[in-house]
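Q: One structure follows; several queries about it will come next.
Taken together, the values in this text are just the output of simple stated rules run on the coordinates, not laboratory data. Everything quoted here is computed from the prediction, not taken from an experiment. Using ideal geometry, Cβ is built from the backbone for each residue, glycine included, and neighbour counts are taken over all protein chains shown.
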Amino acid sequence: MPEGHTIHRLARDLNRDLAGARLAATSPQGRFAEEAAELDGEAFAVAHAWGKHLFLEWTRAGLVHVHLGLIGKMRRRAGCHEPRGSVRLRLAADALCWDLTGPMVCALIPDAERDEILARLGPDPLREDADVDRFVETVRGSGRSLGVLLLDQAVIAGVGNVYRAEVLFLLGLDPRTPGRALTEAQARELWEEIRRLLRIGVRLNRIVTRDPSEVDATPAKMRSADRLYVYKRDECRRCGADLRTDTVGGRSIWSCDRCQAVAGQAYV
Ligand SMILES: [Zn+2]
C-alpha cells in the first residue's frame, strides 16, 4: 500500500527521468483525455511530494494532483510498449514511459487548489521544511489516541497503516495511548523514528522496519516475511506473546500488550 515513502520515491524518480523534458501526455483509458491533450508536448518542470499527495508541474501548461489511494500505481515502462491495464495518464519521453493506473485522484488543478490541499496537511517528515514543533504541539495537546493521530494526515502527512503499527511497536507505545500522555521528548522521538523509517522506505522503495541485526540480512536483502515487526502478524517478534488486534481510527492495528505500555488513560 502506498504510504509517504512511495510518493517521495516516485517524485525523485520522475524528476530524474522527466524534469525539463517535453513529454507526450495521453490517457489510454480515456478518462483524462481532455486534460492530457492540454499537457501534451509541453515541458515538464518538476514533481513534488507532500505526504501521500503528488504534484506534477509543467513549465507553463499546468499542474496535476495525484493521490494513489489504496490501489493506485505509477510505474516506469522502459520501451513504452502497449499500455497494460487501465492507464489513466501516460507520460512519455523518447523510449521511456510512466503509466498511472487506478489513482484515487488524478486532476488538472489551479495553483490555488494546491495551496488549499497543502493547508489541510500536517508536516511531512520527509520534507526538509517540515515543522516538527507543530507535530509535537498537536500530539501533546490532544486527547485522541496515538493510533488515531498518526493516521490523521492533518497531524502528520505520509504515515499509513503499516508505519503506524510498526513505529508504535518500536517505541513501546500502546496505540490507545492519548497524545497528551507523551512527554515532549517522547513526541520528538516519535517524529524522529517515523522519519528514520520513512527514509529507509524511500531508499529501498518498500517498507522495512526490522533491525538488520535481528534478521541477519541487510534491509535491502530481507525476505518479505522478515521485514516487519507486528503489521498483520499473530505473534510478537520480541517476546513471543500473541498480538492484540484493535480497530483504531477505522483501521486494524496490531500491538503487543507486553512490549507496548499504555501511558495514561486511553481514548480510542
Ligand atoms: Zn512483545
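Q: With viscosity set to 1.306 mPa s and temperature to 10 °C, compute the Stokes-Einstein D of the range 71-197, Rh being the Kirkwood radius across alpha carbon pairs; µm²/s, no decimals.
A: Values: Rh = 16.9 Å.
D = 94 µm²/s.
Q: Rounding to the nearest 20 debye, state how big the charge dipole of the chain is about its Cα centre with +1 on each Lys and Arg Cβ and -1 on each Asp and Glu Cβ. Mind dumping the intermediate values first?
A: Numbers: 40 positive and 38 negative charges, 161 e Å.
Roughly 780 debye for the chain.
Q: State to the nearest 20 debye the size of the charge dipole of the range 15-83 about its Cα centre, where the only charges are +1 on K and R beta carbons and -1 on D and E beta carbons. Write down the numbers at each step before the final one.
A: On the way: 9 positive and 8 negative charges, 80 e Å.
Computed charge dipole of the range 15-83: roughly 380 debye.
Q: Could you give P(r) for the chain, binned at 10 Å from zero, as whole percent values over all Cα-Cα pairs?
A: Percent of pairs per bin, in order: 7, 28, 31, 21, 12, 2.
Q: Something else about it: Could you name the lysines in cross-link range of residue 221, using Cα to Cα under 24 Å and dropping any fewer than eight places away on the same chain?
A: The qualifying lysines are 73, 232.
Q: Could you give the distance between the Cα centres of the range 139-179 and the range 1-56, to the whole Å?
A: Computed from Cα coordinates, the inter-centre distance equals 30 Å.
Q: Sort 179-185, 237-243 for me by packing, meaning the mean count of neighbouring Cβ atoms within 10 Å per residue, highest on top.
A: Working: 179-185: 16.0, 237-243: 13.9.
Answer by packing, highest mean first, reads 179-185, 237-243.
Q: State the answer as a single residue: which of 230, 202, 219 lies farthest towards the positive end of the charge dipole of the range 132-255, with beta carbon charges of +1 for Lys and Arg and -1 for Asp and Glu, about the Cα centre.
A: Positive-most Cα among the choices belongs to 202.
Q: If you don't mind, there's one more thing I want to ask. Positive end of the charge dipole of the range 4-120 (Lys, Arg +1 and Asp, Glu -1 on Cβ, about the Cα centre): tell me which of 80, 23, 47 has its Cα farthest that way.
A: 80
Q: On full extension of the chain, what length is gained from residue 192 through residue 211, given 0.36 nm per residue of separation minus the C-alpha to C-alpha distance?
A: Working: separation 19, 0.36 × 19 = 6.84 nm, distance 1.60 nm.
Roughly 5.2 nm would be gained on extension.
Q: Here is a further query. Which value results for Rg/Rh of the range 83-138 when Rg is the Cα radius of gyration and Rh the Kirkwood radius based on the inverse mean 1/r?
A: On the way: Rg = 16.6 Å, Rh = 14.6 Å.
Dividing the radius of gyration by the Kirkwood radius yields 1.14.
Q: Taking the square root of 5 times each eigenvalue of the Cα gyration tensor, what semi-axes in Å does the equivalent ellipsoid of the range 132-255 have, largest first?
A: Numbers: eigenvalues 114, 56, 31 Å².
So the three semi-axes of the range 132-255 are 24, 17, 12 Å.
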